[in-house]
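What follows is a single structure, written as structure tokens, with notes after it.
The values are calculated or read from the model by the stated rules, or taken from the named source; none is laboratory data. Everything numeric here is computed off the predicted structure, so don't read it as measured data. All Cβ positions, glycine included, derive from the backbone under ideal geometry; neighbour counts span all protein chains shown. Side chains are part of the model used for accessible areas, which takes the heavy atoms of the whole protein and leaves out ligands, DNA and RNA. Shrake-Rupley method; radii C 1.70, N 1.55, O 1.52, S 1.80 Å.
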Amino acid sequence: MSKIISLAKRRGFIFPSSEIYGGFGSGYDFGPLGAEMKNNIKKVWWDEIIKNHQNMVGLDAAILMSPRVWQASGHLTAGFADELVECKGCHKRFKKDELKQKVCPECGGKLTEPRNFNLMMKTSVGPVEEEATTAYLRAETCQGIYVNFENILNSMRLKIPFGVAQIGKSFRNEITPKDFIFRTREFEQMEMQWFCRPKEAIKYFDFWKKERVKWYLSLGIKKENLRIKEVPVKERAHYAKQQIDIEYKFPFGWKEIEGVHNRGDFDLSNHSKYSEKDLRYFDEETKEKYFPYIIETSGGADRSFLAFICDAYQEIKGGRTKTTEAVKEVEILLKLDKRIAPIKVAVLPLVRNKPELVKKAKEVYQLLKPHFICQYDELGSIGRRYRRQDEIGTIFCLTVDFESLKQEDLTIRDRDTMKQKRVKIKNLVEILKEKINVSKNNS
Ligand code: GAP
């Protein structure tokens, strides 16, 4: 894991938050490449959910909502709390279910009896800091969908079954944030809520479970690194009638990256009760009024980011490039799916001390820039520059050489095969669009 953390920082994917002040609460910032890659993941998720399914709409609800939302949802009670123990000696705090021993793992001191620690993050809204102004940062994005159920239904004239998708930040006051960006206090969720007839809930639970596994595999996650955990009743979230976790085999073990839940009518019936608004649905077909059941797919953008980067990371002993200069001991290749790779194309003049090559390469870079996220790089030998791009997962390297000046063409090198082909500069945008499939996935 330490190699991935080091690459992430060195190459501008992820930085520790507020680093110049010594970091802050295990928070992280996504650097220039990380921001591109995370946006790509979110875009591919959004496109898959919204474009590939019937009756699916999107939402972008507020992070701060009425505190009554969280009373109704059950998040202010023991259902959304972890058991916390504290060391009587060094006062470090731990999640009880993560401790293997009965004493403090840091100093061997005695531990307090466990107590419930609620994970909701409090803030206050308005200029007066008193009880009446207490609000909470949302702990899951889906509550914004439930409280807008009627608005969405009426404004979009939807009939069940239908779904609502949302991407956004969530916050949990985790006792022990850990494993890099795996468990943090501020994170991003990609959630979809499918409203259906109660008798069809099991069918749709199964459908969405398969869809979500397919999504990870389609983006290159290796089959052997993905599994489904059927969550037993006593481990399920307080709202879940049925629950599976999609787990990824991280370097620190098998861990959940997404949950699929059958939430039954838990949320709509509770919001009806607390708001005193009838949120039942009138089914024109059956002439019945009932609370639809909700099937939820709930993935973490940060956790899937980490899974994608871990899965793509390869170290090649002795290097792949045997023909160029000194062979490196270990070469790093980030074999990211082309849709999520942050940089699609790098433009490289063969050498930088020939102004005509540099000029031509810069022209090519300007030609491509409006169409693709690309980099221009002239520093170091061409072999070293290829390796620098392989390390960040750049899909194609374009090299402008002396032939290019005569023939108005260049070589295009494929990251995975390292094969090179000459193409005409005038056809470049079209060729690259086709290869990267921009029009299909990023339109
Ligand atoms: N709405 C349901 C829900 O929030 P969850 O299993 O608590 O379910 C769903 O969270 C997903 O959100 C997880 O699978 C994970 O990807 C992400 N997630 C949850 N807590 C997180 C944390 N502290 N840090 C990073 N991601 C987190």
Among what's in region 1-11 and is closer than 30 Å to Lys92 by Cβ and open to solvent by 70 Å² or more (accessible area, probe 1.4 Å), pick the residue that is nearest to the chain's Cα centre (by Cα).
Lys9
From (1) free of Cβ contacts under 8 Å to residues at least 60 places away in the same chain; (2) within 11 Å of the ligand (Cβ to nearest atom), pick out the condition that doesn't hold for Lys203.
(2)
Does at least one position in region 195-210 carry a residue that is open to solvent by 10 Å² or more (accessible area, probe 1.4 Å), part of a loop (DSSP other than H, G, I, E, B) and not aliphatic (A, V, I, L, M)?
yes
Within region 61-83, does at least one residue satisfy the condition of being in a strand (DSSP E or B), in contact with a Leu (Cβ under 7 Å, 6 or more places away or on another chain), at pLDDT 95 or above and open to solvent by less than 50 Å² (accessible area, probe 1.4 Å)?
no
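Residues to consider are Leu306, Leu336; find the one that is surrounded by 21 or more Cβ atoms within 10 Å (Cβ to Cβ), within 24 Å of Lys223 (Cα to Cα), at pLDDT 95 or above and more than 16 Å from the ligand (Cβ to nearest atom). Quick ask: steps written out before the conclusion?
Values: Leu306 fails: more than 16 Å from the ligand (Cβ to nearest atom).
None of the other options fit; the residue is Leu336.
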Considering only region 219-239, how many residues are within 27 Å of Asp47 (Cα to Cα) and without any contact (Cβ under 8 Å) to a residue 24 or more places away in the chain?
3
Residues that are away from the ligand (no atom under 14 Å from the Cβ), at least 3 per element: which strands (runs of 3 or more DSSP E) completely within region 211-284 meet that?
281-283
Tell me whether region 382-404 contains one or more residues that are touching a strand residue (DSSP E or B) at 6+ places or on another chain (Cβ under 9 Å) and aromatic (Phe, Trp, Tyr).
yes
Picking from Arg115, Arg138, the residue that is over 26 Å from Gln193 (Cβ atoms) and either of a type in the set (D, E, K, R) or touching a Ser or Thr at 6+ places or on another chain (Cβ under 8 Å) (or both) would be Arg115
Kindly establish whether Lys289 is more than 11 Å from the ligand (Cβ to nearest atom), closer than 22 Å to Glu48 by Cβ and open to solvent by 80 Å² or more (accessible area, probe 1.4 Å).
no
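Quick grid of which residues meet (1) of a type in the set (Gly, Ala, Ser); (2) touching a strand residue (DSSP E or B) at 6+ places or on another chain (Cβ under 6 Å); (3) closer than 24 Å to Leu368 by Cβ; (4) without any contact (Cβ under 8 Å) to a residue 60 or more places away in the chain:
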residue	(1), (2), (3), (4)
Phe282	no, yes, no, yes
Ala301	yes, yes, no, no
Phe305	no, no, no, no
Phe308	no, no, no, no
Gln314	no, yes, no, yes
Glu329	no, no, no, yes
Is there a residue in region 292-303 that is closer than 30 Å to Asp179 by Cα, of a type outside the set (A, V, I, L, M) and not in a strand (DSSP E or B)?
yes
The correct count of residues that are open to solvent by less than 10 Å² (accessible area, probe 1.4 Å), touching a Leu at 6+ places or on another chain (Cβ under 6 Å), within 11 Å of the ligand (Cβ to nearest atom) and part of a strand (DSSP E or B) in region 138-189 is 1
Kindly evaluate Leu111 against the criterion of being touching a residue at least 60 places away in the same chain (Cβ under 8 Å), among the aliphatic types (A, V, I, L, M) and surrounded by 15 or more Cβ atoms within 10 Å (Cβ to Cβ).
no
Inside region 12-35, can you point out the residues that are more than 16 Å from Arg185 (Cβ to Cβ) and open to solvent by less than 50 Å² (accessible area, probe 1.4 Å)?
Gly12, Phe13, Gly31, Leu33, Gly34, Ala35
